[in-house]
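Trainee: Right, I'll just put the structure down here and ask away after.
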Amino acid sequence: MGHRNADRVPLSFRRARCETVQQMLAQRWEVTACCRSCRLELRVDLRTIAIVRGPGFSLWNRLSRCRKVGCHGVVEFRARAPGMGWAEPLASGRTGA
């Protein structure tokens with residue numbers, strides 16, 4: 001990306017190059033889903049999402065129902081791009097992408 005400290009570049013700045021599930025797969029992003037209520041954290045299988053929803057599907061600014069039995073919470077998607085030391089929410093001020 002041309003930055004000296006890639007781990008300091010916010011995930012939202014990387015969005016332009018990695019909007020879709022297909023792009024996340026190609027760039028080897030690690031994505032998790034974390035429930036806001038029960039704190040369950042699950043790895044997201046990007047290949048399965050690409051098959052079910054299509055390779056152009058985007059996880060940015062999306063929520064989903066928690067998969068834990070008995071939990072009625074919602075999960076937010078978090079991602080860690082290569083070079084990042086931690087995962088950040090897949091959310092930004094940009095909508096309608």
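The values are calculated or read from the model by the stated rules, or taken from the named source; none is laboratory data. Bear in mind that the values here come from a model prediction, so they are computed numbers and not experimental data. Every residue, glycine among them, receives a Cβ derived from its backbone with ideal geometry; neighbour counts consider all protein chains shown. To get the accessible areas, we keep the full protein, side chains included, count just its heavy atoms, and leave off ligands, DNA and RNA. Shrake-Rupley method; radii C 1.70, N 1.55, O 1.52, S 1.80 Å.
Trainee: If residue 72 passes every condition in (1) at pLDDT 95 or above; (2) in a strand (DSSP E or B) but one, which one does it miss?
Mentor: In the conditions (1) at pLDDT 95 or above; (2) in a strand (DSSP E or B), residue 72 misses (2) alone.
Trainee: While we're on this one: For region 26-78, which residues satisfy the criterion of being in contact (Cβ under 8 Å) with a residue 40 or more places away in the chain, surrounded by 15 or more Cβ atoms within 10 Å (Cβ to Cβ) and in contact with a Gly (Cβ under 9 Å, 6 or more places away or on another chain)?
Mentor: Once the filter is applied, which keeps residues that are in contact (Cβ under 8 Å) with a residue 40 or more places away in the chain, surrounded by 15 or more Cβ atoms within 10 Å (Cβ to Cβ) and in contact with a Gly (Cβ under 9 Å, 6 or more places away or on another chain), region 26-78 yields only 35.
Trainee: So how many residues does region 79-97 have that are among the β-branched types (Val, Ile, Thr) and either modelled with pLDDT of 95 or more or open to solvent by less than 50 Å² (accessible area, probe 1.4 Å) (or both)?
Mentor: 0
Trainee: I'd like the full set of residues that are of a type in the set (A, V, I, L, M) and either farther than 23 Å from residue 71 by Cα or in contact with a Leu (Cβ under 6 Å, 6 or more places away or on another chain) (or both), limited to region 37-59.
Mentor: Passing the criteria: 46, 50, 51, 52, 59.
Trainee: Can you say whether residue 22 is open to solvent by 60 Å² or more (accessible area, probe 1.4 Å), in contact with a helix residue (DSSP H, G or I) (Cβ under 7 Å, 6 or more places away or on another chain) and of a type in the set (S, T, N, Q), as far as the supplied structure shows?
Mentor: Yes.
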